[in-house]
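**Student:** Dumping the structure here so I can ask a few things about it.
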Amino acid sequence: MSGSSAGLKPPADAVKPTRHPDAPAPGELLGAHYGQCFGCGHEQPHGLHLEARAGEGVSLTAEFTVQPAHQGAPGLAHGGVLTTALDETLGSLNWLLRTIAVTGRLETDFVRPVPVGTTLFLEAEVTAVAGRKIYSTGTGRLGGPEGPVAVRAEALFIEVGVKHFVENGREEEIQAAMSDPDQVRRTRAFEVNP
């Protein structure tokens with residue numbers, strides 16, 4: 001990152017992250033945490049439909065293809081969409097910790113334009129944990145895992161309980177998610193972002 005802020009630097013007492021023993025195995029597709037999520041949900045017609053796979057340790061890879069609905073300038077991905085892709089990717093890391101967390105801070109560097117029709121390959125990892133704070137970093141590359149870096153980010157996620165969503169979300173959606181008989185889907189619905 002080019003000059004990330006002090007809020008994204010782990011404190012001296014931060015520890016190396018530990019992958020939860022029940023985390024998905026390396027290579028396993030994580031799937032959508034919530035069908036209506038703009039980042040990974042498949043019920044959003046103009047969403048990113050981002051797909052993430054567990055990596056080694058507390059890391060993952062993901063990808064999405066920039067569609068015409070994602071453009072800002074003619075023929076190029078909107079910077080906010082690229083930031084959303086990184087936020088979704090970084091937030092998905094929390095599933096490897098089995099922690100419910102929301103984005104506290106996210107800083108994005110835009111290195112080069114991302115044309116419509118391009119597949120963005122994302123890599124992310126948790127770098128440190130300090131109490132409820134989870135520090136992570138990610139990159140997005142053009143055309144393949146070894147392609148040129150187009151965008152990168154650093155993030156701070158804050159661990160929260162389901163109460164955060166119950167008190168701040170829309171009651172109808174919260175109740176629908178909480179009544180899902182599939183325990184994993186029910187838990188994952190509250191996984192990423194405020």
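The values are calculated or read from the model by the stated rules, or taken from the named source; none is laboratory data. Values in this document were obtained by computation on a predicted structure and should not be read as measured data. Cβ sites come from the backbone with ideal geometry, for glycine too, and all protein chains shown count toward neighbours. Note: areas computed on protein heavy atoms with side chains; ligands, DNA, RNA excluded. Shrake-Rupley method; radii C 1.70, N 1.55, O 1.52, S 1.80 Å.
**Student:** Please work out the C-alpha center-to-center distance from the stretch 61-78 to the stretch 89-141 and express it in whole Å.
**Tutor:** Answer, in whole Å: 17.
**Student:** Would you mind getting the accessible area per residue of the stretch 92-147, heavy atoms of the protein chains only, 1.4 Å probe, in Å²?
**Tutor:** Computed with neighbouring chains in place, this is 42 Å² per residue.
**Student:** Using only the alpha carbons of the stretch 1-51, determine the length spanned along each of the three principal axes and report them from longest to shortest in whole angstroms.
**Tutor:** 43, 31, 16
**Student:** Ok, one more. With unit charges on the beta carbon (Lys/Arg positive, Asp/Glu negative), name the residue among Val66, Ala77, Gly7 whose Cα is farthest towards the positive pole of the charge dipole of the stretch 1-79.
**Tutor:** Gly7
**Student:** So how do Arg132, Arg152 rank on accessible area, 1.4 Å probe, biggest first, that is with the largest at the start?
**Tutor:** Working: Arg132 135, Arg152 80 Å².
Heavy-atom accessible area, descending, gives Arg132, Arg152.
**Student:** Classify the stretch 26-80 as rounded, prolate or oblate from the Cα gyration tensor: take a ≥ b ≥ c as the square roots of its eigenvalues, call it rounded if a/c is under 1.5, otherwise prolate when a/b beats b/c and oblate if not.
**Tutor:** Values: a/c = 3.20, a/b = 1.69, b/c = 1.90.
Since a/c reaches 1.5 but b/c is at least a/b, the shape of the stretch 26-80 is classed as oblate.
**Student:** Here's another thing I want to ask about it. Given Cβ point charges of +1 (Lys, Arg) and -1 (Asp, Glu) and nothing else, what value in debye, to the nearest 20, does the dipole of the stretch 1-83 about its Cα centre take?
**Tutor:** Values: 4 positive and 7 negative charges, 52 e Å.
The dipole of the stretch 1-83 has a size of about 240 debye.
**Student:** I'd like the projected area of the stretch 31-144, averaged over all directions, using the convex hull of its alpha carbons. Report it in nm² with one decimal.
**Tutor:** Values: hull surface 27.6 nm².
Quarter of the Cα hull surface area: 6.9 nm².
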